[in-house]
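Below is one structure, written out as structure tokens; comments come after it.
The values are calculated or read from the model by the stated rules, or taken from the named source; none is laboratory data. None of the values given here were measured: they were computed from a predicted structure. Note that we place each Cβ from the backbone using ideal geometry, even for glycine, and neighbour counts take in every protein chain shown. Quick note on the areas: whole protein, heavy atoms, side chains included, nothing else; ligands and nucleic acids left out. Shrake-Rupley method; radii C 1.70, N 1.55, O 1.52, S 1.80 Å.
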Amino acid sequence: MKAVSDTEEKERSESSPATALVWVMNLWAYSLLFVWTLLSLLLFPVAFVLGKLILRWSTERLVRWFIWVYGRVWLFYMSPFVRFERQDMDLLERDKPYLLVVNHFSFFDTFCMALLPLYNIAFAVRSWPFKMVWYRSFMRMARYLDVESGSWGETLASSKETFAHGGSVLFFPEGHRSRDGHLQRFHSGGFQVAIAAGVPVVPLCIDGTNRLLPAGRMLMHPCRIRLKALPAIDTSNFSETDGHIRLRKQVKEQMVKTLTAMRAGES
Amino acid sequence: MTEAEVIELIDSSLAEEFELDRADMAPEANLYEDLGLDSLDTVDMVIVLEGAFNFKIREEEAIRAIRTLDDIHRFVLDKIEQNS
């Protein structure tokens, strides 16, 4: 009796090119991630000094721009294996403050935010990204928000300051990566910030990063990633008690519909 | 408000905020293990309770010790008694 059937043998030989592609992709992507991160750390001091002297930007604005460029280069060297698409980015005006909310599938969702035409963004994240030594200093200089260990007052004050200088704040309302491709329960924090600060909410739908690198996995896979902006929502219409719950539900409903349509279009 | 009314307001506010099933909200239910809340929800919980009862609690150490629904009930009832 054969240990492996003919069907299994055929399937295995047919999957070899795909498997080889995955390994080539991961060798390429992780090597360049390491090299590019190291190079960025070396280039940053020079870029920072030049930026301060020539552009005269604030530290946080300069560092956010640098992070955006870091992400743009990541998009470039991933492009042999990943097709990136942006939709409806013309809905976003430069230098207008927004509270951006985006669904969350993968570690690389933050890298994909380099697809946005905006660079002046403070990310609101949990505490664990601040533990990554090579990124921590940049996150602090860019005034990213630690919404897990920081207080509500600090989150709101820091967000308002970002908005006052034309920047935007980005929240992942699910709080952690979805493991099944569906939207999880939304936390209210970002929506409360938007209402308290009087800035519009812009939902962003990202699809494909769950195929690039799912939560809990190490191997990346070739895929197509799309980032779509939805129309801004005026938060002045949500000022009643518990208005943040109504806003949160409306945004989630819109994002579920949009993601369903994006995937239906793909299939 | 009676104690029962306070507890009902707490439970209904938390159920609305965190999309909880009232059937799961027994007093001994652990917020994290039984009701599925996490550390990010603690901030939202504080804001919900402040809005429902019109008091400030966000800087209080006692919040960090809250683990069950009954802990929240006791905390809020104590707070109301202090304020009155």
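For the reader, a short list of remarks on this structure follows.
- Subset of the stretch A:237-248 that is without any contact (Cβ under 8 Å) to a residue 40 or more places away in the chain and more than 9 Å from chain B (Cβ to nearest Cβ) - its residue that is nearest to the chain's Cα centre (by Cα): A:246
- Options B:42, B:68: the member that is within 11 Å of another protein chain (Cβ to nearest Cβ), open to solvent by 20 Å² or more (accessible area, probe 1.4 Å) and within 28 Å of residue A:177 (Cα to Cα): B:42
Listed here are the residues, each with its yes/no results for (1) touching a Pro at 6+ places or on another chain (Cβ under 6 Å); (2) part of a helix (DSSP H, G or I); (3) touching a residue at least 12 places away in the same chain (Cβ under 8 Å); (4) open to solvent by less than 50 Å² (accessible area, probe 1.4 Å).
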| site | (1), (2), (3), (4) |
| --- | --- |
| A:45 | no, yes, no, no |
| A:50 | no, yes, no, no |
| A:75 | no, yes, yes, yes |
| A:83 | no, no, yes, no |
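- Among all positions in the stretch A:88-95, there is no residue which is surrounded by 19 or more Cβ atoms within 10 Å (Cβ to Cβ), modelled with pLDDT of 90 or more and more than 14 Å from every other protein chain (Cβ to nearest Cβ).
This table checks each residue for (1) free of Cβ contacts under 8 Å to residues at least 60 places away in the same chain; (2) aliphatic (A, V, I, L, M); (3) more than 12 Å from chain B (Cβ to nearest Cβ).
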| site | (1), (2), (3) |
| --- | --- |
| A:135 | yes, no, yes |
| A:143 | no, no, yes |
| A:167 | no, no, yes |
| A:197 | no, yes, yes |
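- Taking the conditions (1) open to solvent by 40 Å² or more (accessible area, probe 1.4 Å); (2) more than 13 Å from the chain's Cα centre (by Cα) in turn, residue A:119 satisfies each one other than (2).
- Odd one out for residue A:124 among (1) under 25 Å from residue A:33 (Cα atoms); (2) within 13 Å of chain B (Cβ to nearest Cβ); (3) assigned to a helix (DSSP H, G or I): (3)
- Residues within the stretch B:17-37 that are outside any loop (DSSP other than H, G, I, E, B) and either basic (Lys, Arg) or under 13 Å from the mean Cα position of the chain (by Cα) (or both), tallied: 4
- Any chance residue B:14 is surrounded by 15 or more Cβ atoms within 10 Å (Cβ to Cβ), within 13 Å of the chain's Cα centre (by Cα) and either more than 14 Å from every other protein chain (Cβ to nearest Cβ) or not hydroxyl-bearing (Ser, Thr, Tyr) (or both): yes
- Of the candidates B:35, B:49, the single residue that is under 26 Å from residue A:177 (Cα atoms), of a type in the set (A, V, I, L, M, F, W, C) and buried (at least 16 other Cβ atoms within 10 Å of the Cβ) is B:35.
- Going through (1) among the hydroxyl-bearing types (Ser, Thr, Tyr); (2) more than 20 Å from residue A:185 (Cα to Cα); (3) within 14 Å of chain A (Cβ to nearest Cβ) one by one, residue B:84 falls short only on (3).
- Of the residues B:14, B:40, B:9, the single one that is touching a helix residue (DSSP H, G or I) at 6+ places or on another chain (Cβ under 8 Å), in a helix (DSSP H, G or I) and at pLDDT below 90 is B:40.
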